[in-house]
1. Taking only Cα atoms and a 10 Å spring cutoff, compute GNM fluctuations for the chain and point out the largest among Leu230, Leu340, Leu38.
2. Can you list the HN-Hα couplings for the range 172-185, worked out from phi with the Karplus curve (6.51, -1.76, 1.60; θ = phi - 60°), rounded to whole Hz and with x for Gly and Pro?
3. Among Val83, Val120, Val62, Val56, which comes first, then next, by fewest other beta-carbon atoms within 10 Å?
4. Which of Arg146, Arg211 has the fewest other C-beta atoms within 10 Å, and how do the rest follow up to the most?
5. Under a 10 Å cutoff between Cα atoms, tell me which one of Lys46, Lys249, Lys365 has the largest fluctuation in the Gaussian network model of the chain.
6. For Ile172, what is the net charge nearby, where nearby means another residue's Cβ is under 11 Å from its Cβ and Lys, Arg count +1, Asp, Glu -1?
7. How much length would be gained if the chain were fully extended between Arg252 and Asp51, taking 0.36 nm per residue of separation minus their Cα-Cα distance, in nm to one decimal?
8. Rounded, prolate or oblate: which one fits the range 2-392, using the alpha carbon gyration tensor with axes a ≥ b ≥ c (rounded when a/c is under 1.5, else prolate when a/b beats b/c, else oblate)?
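Bear in mind these aren't lab numbers, they're just calculated from the coordinates by the rules spelled out. Source: prediction; values computed, not measured. A quick note on method: Cβ atoms are made from the backbone with ideal geometry, for glycine too, and the neighbour counts reach across all protein chains shown.
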Amino acid sequence: MYKKMRFMSILFLFTYCTPDNVVSEIESSQQLENVLTLELSFGDEKTVSKDEFLLVNPQYIVVNYDGDIYVLDGEIENWKTKVFDKSGGEKLILGGYGQGPGEYTTPANPIVSRDGFLTVVDNIYRYNIYSPDFKFLNSVRWSNDRLFNNYLDKNNFRFRITTPYTVKVHSINDSERIISLMTGNISPEDKFPYFDVLFYENPDSLIEIARYNKKIANLFLSAPFRGDLLWDVTFDNKVIYTHSGFDIKKDRDDFYYVLNIFSLEDFSKSQIIHKYIPIEIAAEEKERYYKKKYEDTREGRIHLDILKDTKFHPSLLNLIADRNFIFVFVHQDKDAENVLVDVFDGKDMKHLSSAYFPFSPEAIKNGYAYRENKNEEGFYIIEKYKIAPAVYGK
């Protein structure tokens, strides 16, 4: 199960409530292998008794803490959220194509909270919220969100959502939520008018948690290697977030990624800083963008200048919280056979393990990893894998 590799990880805990930094240093000499065991697969004709639960084209998988598995499945004009129990049994179907209550036309980024509230972003105009007992609660339109629109006005921002796939909404309950999206400055003089923002909203207030300037001059030009805003919420209501293009520290020849932690209980902030090996961008990867004649426009020349100065890939690929554990997926060389995952205890601020996964899961919950795959006949299935206890430091 183990692959030997010598490395040093350093965790810094900085909390605004305390005057001094608390620094702990942890040495590890092992990385785990063979940590996933397939326990269940379902969704095809062999495992589903009702035709409406057969998987057609699964796009997203989310899982609640009861083990219920939500699969956003379908094709254009035929989207549904199919809910299975922890054993893969058919449970119920949510949503459906349309603009009525609980329906959607372009669904994206479903998220289920600790208490079971499901949120599905729908097109660029709204998001739908469902209760823990699978009832449709509300459809929130951005244009009707007073606090959000006040936030835009206060910061001289414009509503810049061009696709639902860049928006994430985590409904803590029916009145509190965490939201990330991209917005932009109204001023035409700004060289880089676009921002990734993360905020907390309740009925009385909106609190900006983080803002990152994306270094993008034009949304319709490719801007590779800029990184992404990655985040999730732990069981004890802490928002774990990082931007893989910005939250990076360098000390001489050593590189560290930064995990920011925002407590929803007292709004305190802390950090975990962990060493990683950056992956250099190959010349041929850049070359494909040099050939697109970006030099013909002002914005294109700006993008090319940034590309020429960018040496490394973004630090991370993904971030997933399971209970109070944090799974961090580190960017690896394109020829790497496995995915390197650093695992932290978000409550005690400890690095627990590093492991190689054979794939990047779409969901992790209660010690299980989930992914979409195809069976031997080429039909879609969902696979559920048990994660070895050693990954959690046990």
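1. Looking only at Leu230, Leu340, Leu38, the biggest GNM fluctuation is shown by Leu38.
2. 4, 8, 7, 9, 10, 8, 10, 9, 10, 6, 9, 9, x, 7
3. Result, fewest neighbours first: Val56, Val83, Val62, Val120.
4. Fewest-to-most Cβ neighbours within 10 Å comes out as Arg146, Arg211.
5. Lys46
6. Local net charge: -2.
7. Extra length available between Arg252 and Asp51 comes to 66.5 nm.
8. Here the range 2-392 falls in the rounded category.
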